[in-house]
Structure formats: C-alpha cells, structure tokens
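Worksheet: the structure to be examined is printed underneath.
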Amino acid sequence: MKTKLGEAGIAEYAMPLNIDTESAGSSLALNEFLEKKLTLNFTGQINCVSCNRSIKKSFNQGYCYPCFQKLAECDMCIVKPELCHFDEGTCRDNNFAMNYCNIPHSIYISLTSSVKIGITRGNNEIHRWIDQGAVKAQRLLLVKRRKFAGLIEVELAKSMKDKTDWRKMLKNEYEETSLANLKPKLLDNIRDLLKNNLELDDAEFIDLDTSELEIKYPVIEFPKKVNSFNLDKNPKLEGTLLGIKGQYLIFDTGVINIRKYAGYRVSLEIN
Ligand SMILES: [Zn+2]
C-alpha cells in the first residue's frame, strides 16, 4: 500500500492497481472504504514484483526465486545493513547501491508497540513510520550512508528494541512516552560510538533539529484479539473494514498484512 500523511496527521493509504485493465496505474484510496463490507479473493496467480513472471510461491515478499537470488534489494545486507559489502566490491548492483544505499540515511526512534530504534533512507521516513504503525516518531540524525546507519543501529539495539510486536501495534497497546526527551541521551551515545568505533571513523553526521511527529491512523475500532488471514490457505476474505494501521487492513473478521502478499492477484468486491 502506498502511504502519505494527510491532513490532521492521519495516515492515508492507497492500493496501486497494477492489473491489466484500463484502471492500471491508478490507485484506490482505501481510507474511504472504512465501515464498508469488502470481499478479497486471491485468484491463485502471483506475479514477481520485479520481472512479472508468473510464480507459484513468492520469496522476500513478492519476488520469484531467480530475482530473490540475484537482485541487490533481496540481499541479506538490506535486512542487516551493517553487513553492507559495497566496500569489498561484491555488491550485487552498484547502481542500486548508489541510489538506495550510499545516500543519506536517517536514524530515528519511533513508538510502535514500544520505543524502537530504526533507520531508513532520508527521503523515506514518513512512509517507513506509517508502514510500521508508529504513533510517534523522532529523528535523531542523518548519516551519509546506509552502512553507517546500520552499524549505529546495531549498537543502540543492544539497549533498546529494534522490532515491533505487531499484535500489540494492531491492538494499539503502547506506553505513552516522550521521544523528544529520549533524544539527547541517545545522541550522546551515538557521539561516543562515533569517537570509539573505527568502522565509523568516516561517518560524518548531521544532527537533525526536529520535533516529535505524531501519526494517527484511520481506525474505527482496534481488534481485541488478533487473528490473521492467510490467503495461501484461505483465498477468500470477507469482512467489514474497521481500520488500517501499519501495513495491515483490520476487518471485524481478522487482520491481513498486505505487504506479505505483494504480487498476488486479488479481486476486490465492495458490498
Ligand atoms: Zn522475478
């Protein structure tokens, strides 16, 4: 789902329509479907999100096996940026590295199910925060490459979370915390790290003077119990849409992680 932060700080979701019809290229504004009864039906067809070939099973959320093996965006260093091997000359795709990795990256803290540390491309912050269902986010600093951000994240993750408990996130369970108050101490820790870690010798950074951002989600009712749909096991999903948070659609009948089904051809009926 494509995301943006709309008026009044509410996340807005759109589903791109990539099907071979006249609507291809357009997208559905999903916030408008709240309280509507929807039927999603997986047709059984999956197309690789990169090369479009028809596949039986997808890897790494939407890729065919050859693309998963070959593309830089499917490499281990995308999940673990501290393992970036560009400097060793073994990057799968230098062009990708120059456009996605060797560009300024932001290190932030966000409040999802708890306070977590994270990194993302400097121009991608809002999308990342909405994707993870953060209710608050606070930038810490900007470094000039993804690898540096990854190395710093790994160190900070020794004393704080770097993952979200998605069930809690969907139930909207979190402890109210001021992220702005946590920022100075974390910046001190990072400065120490930069001084003492040789690998980070070259990691000039820009201190970001920004305030805490609050994000609201289009949700009428958060689930009390989280049951998730699995389109591979049960291709038909029916329910009334009660909300959207993170990459999840929340129905009265269960939740579905839309990201997990990238490349799946699904029909949508609005009843
Ligand atoms: Zn492919």
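The values are calculated or read from the model by the stated rules, or taken from the named source; none is laboratory data. For clarity, every value in this text was computed on a predicted model and none was experimentally measured. Don't worry about glycine lacking a Cβ; one is built from the backbone with ideal geometry, like all the others, and counts go over all protein chains shown. Just so you know, the surface numbers come from the protein's heavy atoms only, side chains and all, with ligands and any DNA or RNA stripped out. Shrake-Rupley method; radii C 1.70, N 1.55, O 1.52, S 1.80 Å.
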Criterion: modelled with pLDDT of 95 or more and either among the small types (G, A, S) or at negative phi (or both) - qualifying residue of E238, E199, E212: E238
Can you name the residue in region 162-187 that is over 24 Å from V255 (Cα atoms) and outside any helix (DSSP H, G or I) and, of all such residues, is most open to solvent (accessible area, probe 1.4 Å)? E176
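Sort out which residues of region 108-144 are part of a loop (DSSP other than H, G, I, E, B), under 13 Å from the mean Cα position of the chain (by Cα), at negative phi and of a type outside the set (V, I, T), and write them in order of number.
Filtering region 108-144 for residues part of a loop (DSSP other than H, G, I, E, B) gives 112-114, 122-124, 132-135, 144.
Add one more test, that the residue is under 13 Å from the mean Cα position of the chain (by Cα), and what stays is 112, 124, 132-134.
Add one more test, that the residue is at negative phi, and what stays is 112, 124, 132, 134.
Answer for region 108-144, where residues must be part of a loop (DSSP other than H, G, I, E, B), under 13 Å from the mean Cα position of the chain (by Cα), at negative phi and of a type outside the set (V, I, T): N124, Q132, A134.
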How do the pairs read when you match residues in region 64-76 that are touching a residue at least 24 places away in the same chain (Cβ under 8 Å) with residues anywhere that are surrounded by fewer than 15 Cβ atoms within 10 Å (Cβ to Cβ), using Cβ under 7 Å and keeping only pairs 6 or more apart or on different chains? none
Take the residues of region 88-109 that are surrounded by fewer than 18 Cβ atoms within 10 Å (Cβ to Cβ) and among the hydroxyl-bearing types (S, T, Y): which is nearest to the ligand (Cβ to nearest atom)? Y100
Here's a check for you: in region 46-87, which residue that is among the hydroxyl-bearing types (S, T, Y) and open to solvent by 50 Å² or more (accessible area, probe 1.4 Å) is farthest from the ligand (Cβ to nearest atom)? S54
Residue under evaluation A11, criteria (1) open to solvent by 50 Å² or more (accessible area, probe 1.4 Å); (2) modelled with pLDDT of 95 or more; (3) away from the ligand (no atom under 16 Å from the Cβ); (4) not aromatic (F, W, Y), criterion not met: (1)
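If you go through region 189-202 one residue at a time, do you hit one that is farther than 28 Å from C64 by Cα, outside the structural domain of K2 (by TED's automatic domain parsing), in contact with a Lys or Arg (Cβ under 9 Å, 6 or more places away or on another chain) and open to solvent by 70 Å² or more (accessible area, probe 1.4 Å)?
As a first pass, look at region 189-202 and keep what is farther than 28 Å from C64 by Cα: 189-202.
Cutting the leftovers down to outside the structural domain of K2 (by TED's automatic domain parsing) gives us 189-202.
Narrowing further to those that are in contact with a Lys or Arg (Cβ under 9 Å, 6 or more places away or on another chain): 199, 202.
Within this subset, residues satisfying the condition of being open to solvent by 70 Å² or more (accessible area, probe 1.4 Å) are 199, 202.
Within region 189-202, one or more residues are farther than 28 Å from C64 by Cα, outside the structural domain of K2 (by TED's automatic domain parsing), in contact with a Lys or Arg (Cβ under 9 Å, 6 or more places away or on another chain) and open to solvent by 70 Å² or more (accessible area, probe 1.4 Å).
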Region 147-183, residues that are within 30 Å of K225 (Cβ to Cβ) and in contact with an Asp or Glu (Cβ under 6 Å, 6 or more places away or on another chain): L179
Selected residue (only one of L170, L151 is within 26 Å of L200 (Cβ to Cβ) and either touching a strand residue (DSSP E or B) at 6+ places or on another chain (Cβ under 7 Å) or touching a residue at least 60 places away in the same chain (Cβ under 8 Å) (or both)): L151
